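Colleague: Quick one: the structure is below, questions incoming.
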Number of protein chains: 2
Amino acid sequence: MDFVINLEYRSSVPVYRRASDAIRKAIIEGRLKPGQTMPSVRDLSAGLQISRATVLKAFDDLQKQKYITTISGSGTYVCDPLPGEMFEQNLQNEDVAEIHPVSLSEYGQRVLDMAGYQRRRLEQLAQLQFCGPPLELTPLSKWRQLLVRHCKLRDLAHLAHAREPLGYPPLRDALSAYLHRARGVKYSPDLLVVFASQQFKLEVPARLLIDPGDLVAIEEPGYPDARMCFASHGAKLLNVPIDQDGLDVSYLEKISQPIKCVYVTPSHQDPTGIVMSLERRKWLLDWAARSNTLIIEDDYDSEYRYGNEQLPSLHGLDPAENVIYISSLWKVLFPMVRLGFLVLPKRLLHPVFLAKLQTERNLPLLEQFALTDFINDGYLEKHIKRTTAVYAKRRQALIQSLTRHCRETVVLPFETSGMHLLIQVQSRHSDRRIIDVAAEWGLSLMSTELYYSGVSEPGEFLMPFAHLDEKSLDESVRGWAQFVKS
Amino acid sequence: MDFVINLEYRSSVPVYRRASDAIRKAIIEGRLKPGQTMPSVRDLSAGLQISRATVLKAFDDLQKQKYITTISGSGTYVCDPLPGEMFEQNLQNEDVAEIHPVSLSEYGQRVLDMAGYQRRRLEQLAQLQFCGPPLELTPLSKWRQLLVRHCKLRDLAHLAHAREPLGYPPLRDALSAYLHRARGVKYSPDLLVVFASQQFKLEVPARLLIDPGDLVAIEEPGYPDARMCFASHGAKLLNVPIDQDGLDVSYLEKISQPIKCVYVTPSHQDPTGIVMSLERRKWLLDWAARSNTLIIEDDYDSEYRYGNEQLPSLHGLDPAENVIYISSLWKVLFPMVRLGFLVLPKRLLHPVFLAKLQTERNLPLLEQFALTDFINDGYLEKHIKRTTAVYAKRRQALIQSLTRHCRETVVLPFETSGMHLLIQVQSRHSDRRIIDVAAEWGLSLMSTELYYSGVSEPGEFLMPFAHLDEKSLDESVRGWAQFVKS
């Protein structure tokens with residue numbers, strides 16, 4: 001063969017598809033010319049180290065897409081003209097005009113300024129595979145069954161044209177009832193709004209509320225994605241310390257400038273895992289009512305608890321209407337369900353409705369249908385119960401191994417919920433090395449540095465346990481601990 | 001029964017589910033008290049006019065959700081305490097604090113100011129059921145098959161944690177190749193970005209480019225959703241007239257202030273259906289290169305053509321890199337596929353990547369998997385071909401009936417593509433009445449008033465034909481025409 005074809009490695013894509021993609025690329029880029037005889041199946045099979053049957057399947061793809069044609073008794077040729085070629089005769093090959101740098105909006109400029117932070121965040125998340133539950137526990141067969149149940153004209157016909165930018169009403173009802181019984185959120189399906197992606201549920205209210213220069217209070221340390229979201233809108237961040245009862249409300253009381261909103265994670269402070277006490281919750285709500293400040297309560301990672309009593313959400317405790325409750329099912333149903341949702345104070349419903357019309361008038365139908373049944377048929381709570389039992393064992397095993405092998409070097413702060421531990425490691429080694437050696441032993445660690453606005457705590461890490469294998473765990477912790485102590 | 005239960009009418013939700021939703025509501029709202037005996041199956045069956053089996057199924061739901069419990073030999077009771085009740089003991093019933101009006105950001109205020117326009121737009125769209133193809137032509141069984149194929153651990157495991165905010169790479173490749181062969185867009189999978197909702201593909205670049213007060217050129221008449229999108233960012237809209245060759249570029253040349261970007265629909269001007277001539281395309285691109293202005297080419301509704309020669313997209317003709325190409329498969333695969341996508345000039349890729357990280361880091365997996373196969377297996381183009389044949393017949397039938405019954409009163413402008421006709425009706429009746437009477441005859445009409453920034457053309461309507469029944473069509477047009485002429 002006198003042209004180069006590279007099969008990209010993507011294990012989720014079948015080989016014949018990768019072969020047809022690569023050949024198509026060669027055709028579009030002109031390495032195989034219109035009218036040219038295609039290399040033989042035998043040559044391609046040998047050259048690409050794939051079976052002849054696979055080459056034939058790739059040819060079939062290319063024929064359907066009209067890049068090659070087989071003339072019986074003659075051979076297989078690259079089509080002439082090519083499917084995209086009728087356009088190209090019109091394209092004059094003038095010199096490409098000089099390209100000026102693009103002038104971005106102030107928002108665009110802020111986003112660009114955060115590039116470094118964003119990239120580090122993305123790297124950490126990718127490295128850690130940290131975002132969701134272990135895939136082998138995903139209720140895939142149930143989900144498949146629900147998709148098939150609803151991928152029918154009967155269901156779609158009623159809904160397809162109904163524009164419901166706030167979400168499929170039966171889903172809003174099912175979620176609201178679930179949040180009421182599981183999290184103590186006030187039952188208010190009319191105020192529950194569904195979003196297609198989990199980031200958008202914070203993005204929309206932030207954008208409706210914040211002008212550049214506005215003051216937004218956030219926990220220190222606190223969730224990096226929320227930090228970035230507010231910063232992208234030009235907010236000035238007020239970093240509020242936390243103590244063992246949660247956010248320090250007395251700190252807020254001393255601020256004389258108006259605060260636009262307060263972002264908190266009371267059920268499982270991110271990253272410390274501290275649960276805000278009932279007294280502190282009431283104090284915060286009282287302050288919010290007095291100062292007329294909105295609270296954004298992010299209930300992320302609230303589903304898994306190990307033995308501790310559950311406190312009601314701020315939303316359920318609030319006698320006024322100052323709480324925006326936001327959550328998702330990321331930790332439970334990733335990667336099937338990527339929806340986010342929030343429950344609004346009444347006075348924000350109209351602005352959010354209008355902003356949804358502008359930016360996300362339609363939501364994925366099948367995902368909404370399937371999730372409605374998943375909740376109403378009782379599978380959601382059953383699934384959480386089942387996985388809680390699994391995670392509790394893994395968590396217990398991890399704590400035992402850590403106390404057995406590194407009692408002196410690793411401190412486990414108090415924490416009784418979620419899918420990771422926060423640990424503090426005393427070691428002469430750098431954070432980087434501690435993470436790398438952990439990875440060699442099959443253990444995941446993520447530095448908390450991006451959670452701090454100021455100086456971060458060296459040696460502080462998030463350590464997820466939901467993916468761990470209880471059998472090999474102790475051996476891994478022992479090996480890693482030896483390095484840490486060395 | 002001494003409490004009221006209303007079954008909401010939602011034909012897409014099974015009756016037992018509506019019954020369990022309604023009973024749950026009665027329980028949460030306290031009309032049925034914890035510990036109280038449930039009304040008998042017989043009473044509920046009689047009261048709600050549903051079968052006993054349905055009541056039992058609803059009871060089953062409520063038991064799974066822990067709202068009711070059956071004690072064998074005794075009866076069925078409302079649970080005590082209720083699932084959400086453990087929280088409520090903490091909720092003091094203080095007087096609800098006085099609620100102050102919410103102070104919105106400038107963006108929020110602009111969105112609020114557009115409420116009237118938005119609501120009219122939503123009403124019109126809902127009334128018209130105008131957004132997509134006829135559902136009976138949706139390739140549902142193929143789609144179901146693709147979902148089942150990919151809703152497997154094998155596929156999800158590889159992808160779940162890979163953060164690919166620009167879209168699933170094989171889908172970006174498949175779409176880019178499709179756009180190349182079908183629309184003459186330059187093959188550039190690295191510059192193709194996928195969005196979860198079709199509105200977001202315009203929202204993101206608009207937001208990255210536009211500051212309040214910036215000048216954005218848009219066709220007059222032109223697409224209302226684009227108008228609103230730019231206005232929500234505070235853009236000043238420059239309404240550029242169109243002639244039979246498309247956007248009047250000489251008008252742009254006379255503007256001395258810098259123009260941030262130009263939004264155009266060259267392949268099927270929305271709403272007139274005018275196709276921008278090749279000469280005009282080159283002129284526009286030449287002007288863009290000289291003035292260093294970005295063009296947003298919206299290729300919406302470009303898939304269906306009836307006999308006319310197809311011109312290459314602006315993107316394919318542009319020797320410089322000044323075109324943002326945006327499109328979706330809304331008109332082809334609604335309601336299954338709600339993804340939007342765009343192809344960027346290189347210099348915008350980094351800002352868009354960063355904005356995606358902020359707002360939509362993850363996209364629906366299954367929809368992307370299924371669409372990739374749908375394109376690469378050749379079904380997309382086959383489906384377009386098949387439906388084009390159907391729509392062509394319906395379009396022809398509509399044109400014949402209109403010319404037969406209202407030659408003097410209805411003017412059909414030249415138009416050879418898309419899924420609707422633009423018609424001009426001369427009548428002594430109001431637009432409102434003309435639309436209502438059309439609806440009585442089973443015909444859909446939408447006034448173009450929202451497409452105009454200034455004075456709209458009375459009697460100008462969009463008339464979709466893809467849903468029409470060829471058999472009853474002539475009778476309907478005749479009946480409607482009699483009214484129009486009366």
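Colleague: Quick test for you: out of A:GLU309, A:GLU303, pick the one residue that is modelled with pLDDT under 90, surrounded by 23 or more Cβ atoms within 10 Å (Cβ to Cβ) and more than 7 Å from chain B (Cβ to nearest Cβ).
Modeller: Going through A:GLU309, A:GLU303 in turn, just one is modelled with pLDDT under 90, surrounded by 23 or more Cβ atoms within 10 Å (Cβ to Cβ) and more than 7 Å from chain B (Cβ to nearest Cβ): A:GLU303.
Listed here are the residues, each with its yes/no results for (1) closer than 23 Å to B:LEU125 by Cα; (2) open to solvent by 20 Å² or more (accessible area, probe 1.4 Å); (3) in contact (Cβ under 8 Å) with a residue 12 or more places away in the chain; (4) not polar (S, T, N, Q).
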| residue | (1), (2), (3), (4) |
| --- | --- |
| B:MET228 | yes, no, yes, yes |
| B:ALA235 | no, no, yes, yes |
| B:VAL240 | no, no, yes, yes |
| B:LYS254 | no, yes, no, yes |
| B:GLN257 | no, yes, yes, no |
| B:TYR263 | yes, no, yes, yes |
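Colleague: Can we say B:ILE434 is touching a Ser or Thr at 6+ places or on another chain (Cβ under 7 Å) and either more than 17 Å from B:PRO221 (Cβ to Cβ) or surrounded by 15 or more Cβ atoms within 10 Å (Cβ to Cβ) (or both)?
Modeller: Criteria met by B:ILE434.
Colleague: Take B:TRP480 and decide whether it is open to solvent by 20 Å² or more (accessible area, probe 1.4 Å) and hydrophobic (A, V, I, L, M, F, W, C).
Modeller: no
Colleague: Now, a different point. If you take the residues in segment A:347-385 that are open to solvent by 30 Å² or more (accessible area, probe 1.4 Å) and without any contact (Cβ under 8 Å) to a residue 24 or more places away in the chain, which one is farthest from the other protein chains (Cβ to nearest Cβ)?
Modeller: Only one residue fits best here, namely A:LYS385.
Colleague: Run A:PRO189 past the list (1) open to solvent by 10 Å² or more (accessible area, probe 1.4 Å); (2) touching a residue at least 60 places away in the same chain (Cβ under 8 Å) and report the number of the one that doesn't hold.
Modeller: (2)
Colleague: Further question: Just for segment B:401-412: of the residues that are touching a Leu at 6+ places or on another chain (Cβ under 9 Å) and in a helix (DSSP H, G or I), which one is surrounded by the fewest Cβ atoms within 10 Å (Cβ to Cβ)?
Modeller: B:THR403
Colleague: Taking into account only those residues within segment A:269-300 that are of a type outside the set (Val, Ile, Thr) and touching a residue at least 60 places away in the same chain (Cβ under 8 Å), which is nearest to A:SER417 (Cα to Cα)?
Modeller: Once the filter is applied, the top-ranked residue is A:GLY273.
Colleague: Of the conditions (1) modelled with pLDDT under 90; (2) over 19 Å from the mean Cα position of the chain (by Cα), B:ALA177 clears all except one; give me its number.
Modeller: In the conditions (1) modelled with pLDDT under 90; (2) over 19 Å from the mean Cα position of the chain (by Cα), B:ALA177 misses (1) alone.
Colleague: Filter segment B:11-63 for residues that are in contact with a helix residue (DSSP H, G or I) (Cβ under 7 Å, 6 or more places away or on another chain) and of a type in the set (Ser, Thr, Tyr); which is nearest to the other protein chains (Cβ to nearest Cβ)?
Modeller: If we take residues in segment B:11-63 being in contact with a helix residue (DSSP H, G or I) (Cβ under 7 Å, 6 or more places away or on another chain) and of a type in the set (Ser, Thr, Tyr), then B:SER12 is nearest to the other protein chains (Cβ to nearest Cβ).
Colleague: A further question on this structure: Can you pull out the residues in segment A:318-344 that are within 8 Å of chain B (Cβ to nearest Cβ) and surrounded by fewer than 24 Cβ atoms within 10 Å (Cβ to Cβ)?
Modeller: A:PRO319, A:ALA320, A:GLU321, A:PHE334, A:PRO335
Colleague: Counting only residues that are facing chain A (nearest Cβ under 8 Å) and open to solvent by 20 Å² or more (accessible area, probe 1.4 Å), which one in segment B:64-83 is nearest to B:GLU29 (Cα to Cα)?
Modeller: Among them, the one singled out is B:LEU82.
Colleague: When only residues in segment B:133-164 that are facing chain A (nearest Cβ under 8 Å) and more than 22 Å from A:PRO139 (Cα to Cα) count, which is most open to solvent (accessible area, probe 1.4 Å)?
Modeller: Within segment B:133-164, the match that is most open to solvent (accessible area, probe 1.4 Å) is B:GLU136.
Colleague: To continue, here is another question. I'd like the full set of residues that are part of a loop (DSSP other than H, G, I, E, B) and open to solvent by 40 Å² or more (accessible area, probe 1.4 Å), limited to segment A:275-300.
Modeller: A:VAL275, A:ASN292, A:TYR300
Colleague: Under 9 Å by Cβ, and 6 or more places apart or on different chains, what pairs join a residue from segment A:42-63 that is outside the structural domain of A:ILE23 (by TED's automatic domain parsing) and touching a residue at least 40 places away in the same chain (Cβ under 8 Å) with one that is small (Gly, Ala, Ser) and open to solvent by less than 60 Å² (accessible area, probe 1.4 Å)?
Modeller: none
The values are calculated or read from the model by the stated rules, or taken from the named source; none is laboratory data. Treat the numbers as computed from the prediction; the structure is a model and nothing was measured. Every residue, glycine among them, receives a Cβ derived from its backbone with ideal geometry; neighbour counts consider all protein chains shown. SASA here: full protein model, heavy atoms, side chains in, ligands and nucleic acids out. Shrake-Rupley method; radii C 1.70, N 1.55, O 1.52, S 1.80 Å.
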